[in-house]
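Trainee: Mind having a look at this structure? Questions to follow.
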Amino acid sequence: MEEKKNEVIQEATETQEESYKSGSVQYIDSREVAGIVEKEHRKLLRDIRNYIAQLTETNFGPSDFFIESSYKDASGKSNRCYLVTRKGCEFIAHKLTGVKGTKFTATYINRFHEMEDSLQMRNDEKFIKFMEQQAEFNKRVMENLMLLQDQKEKSKPRKTKIKVCESQFSLSERLRDLNGEFTYLSEIYGIERRTVMHKIYKILDAYLGQEYNLDVWLGAYREMTGRREACTIHAVAYFDELYEKAMNIMEDADKMERILA
C-alpha cells in the first residue's frame, strides 16, 4: 500500500514539476495531495467539488484555490484531477485535524518552497544568459558605431561623438516619451498623428543633412541591432543626438505652433 502511494506521489510530482517550469502559478496536483493526506483520489475530488460549490456560492473565485485539469492513466484514458494552489492547500489544511493536518501542512509548505527555489534558480540562469547576450549585443553596437563614426568624421566632422541609449529599459522609456509627444501634439492641433511625425522627421533630416539623413541612421540601427523591422522612431529613440533634438523640437511650443499651424 505504501509503495503504491509513493508511486502515485512520484507520478503527480513529475507532472506538476513539468507544469511549473514556465514560471506559471504554482500548485500541487490533487493526486499528490491525496497521497499526502492518505485519502482516495476520487474522494478528494468529491471534497474539492464541494469546496468549489461553496466558494462560488459565497462569491469567492474558486480558481484561486482549485484549477480543473486532467491526466492520462497507464491505459491512455483521460481522468479528472485538480491543480491545488497554495491557497487551496491552506484551505484543505484547515479542514484537517491532528497528525494528518500537521503532516499535510508541513509537506505542502516544503513543496512550495522547493518550487520557489527551483523557479528562482531558473530565473537566475535566464538573467545570466540575458546579460551575456546584452554584453555581446553592446559589443556589436560599439563596433558598428565606431565604423559609423569613422565614416562621419572622414567626410563631415562633428563636435560630439555618437552616443546611444544605454539599456533596453531606457529605450522603452524614450519610445514612450516620443509616442506620448506625437499623440499630444496630434490632439492639441487636431491633425493626424502620422502628419506630426512626418513634420518632425523632416526637421531632423534638415538638421542632419542629406548625406546623413534619418534613413542612414535607421539603416545603421538595423545593422547594429539586427532588427530589420525597426521603424524610424526606434532609431530616433536609440541615438542620443536624434532623441534629444526631437524632444527639444516638440517641447518648443512656439516652434511647434508655427510648424503645425
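Trainee: Compute the length gained on full extension between E40 and K77: take 0.36 nm times their separation in residues and subtract their Cα-Cα distance, giving the result in nm to one decimal. The partial results should precede the final answer.
Mentor: Working: separation 37, 0.36 × 37 = 13.32 nm, distance 1.85 nm.
So the chain would gain 11.5 nm between E40 and K77.
Trainee: Over 26 Å between Cα atoms: which of K163/K199; K77/K103; K72/K103; K72/K95; K43/K95 fall into that group? Provide the component values of the computation, followed by the final result.
Mentor: On the way: K163/K199 24 Å; K77/K103 32 Å; K72/K103 28 Å; K72/K95 29 Å; K43/K95 14 Å.
Flagged as over cut-off: K77/K103; K72/K103; K72/K95.
Trainee: Testing the spin-label approximation: label points 7 Å from Cα along Cα→Cβ at A53 and Y207. State their distance in nm.
Mentor: Calculated label separation equals 7.0 nm.
Trainee: Loop-only GluC sites (Glu not before Pro) in the stretch 37-99, please: DSSP not H, G, I, E or B, and at most 12 other Cβ atoms within 10 Å. Don't skip to the answer; put the middle values down first.
Mentor: On the way: sites: E38, E40, E57, E68, E90; in loops: E38, E40.
Qualifying residues, ordered by number: E38, E40.
Trainee: How much length is gained if the chain between S63 and I109 is pulled fully straight, taking 0.36 nm per residue apart and subtracting their Cα-Cα distance, in nm to one decimal? Before the final figure, lay out the partial values.
Mentor: Details: separation 46, 0.36 × 46 = 16.56 nm, distance 1.98 nm.
Length gained between S63 and I109: 14.6 nm.
Trainee: Sticking with this structure for a sec: Calculate, in nm to one decimal, what I191 and T225 gain on full extension: separation in residues at 0.36 nm each, minus their alpha carbon distance.
Mentor: Values: separation 34, 0.36 × 34 = 12.24 nm, distance 3.29 nm.
Answer, rounded to one decimal: 8.9 nm.
Rule-based calculations on the coordinates, nothing more; no lab input. Computed from a prediction, not measured in an experiment: that's the story for all the values here. Ideal geometry is used to build each Cβ from the backbone, glycine not excepted, and the neighbour counts take in all protein chains shown.
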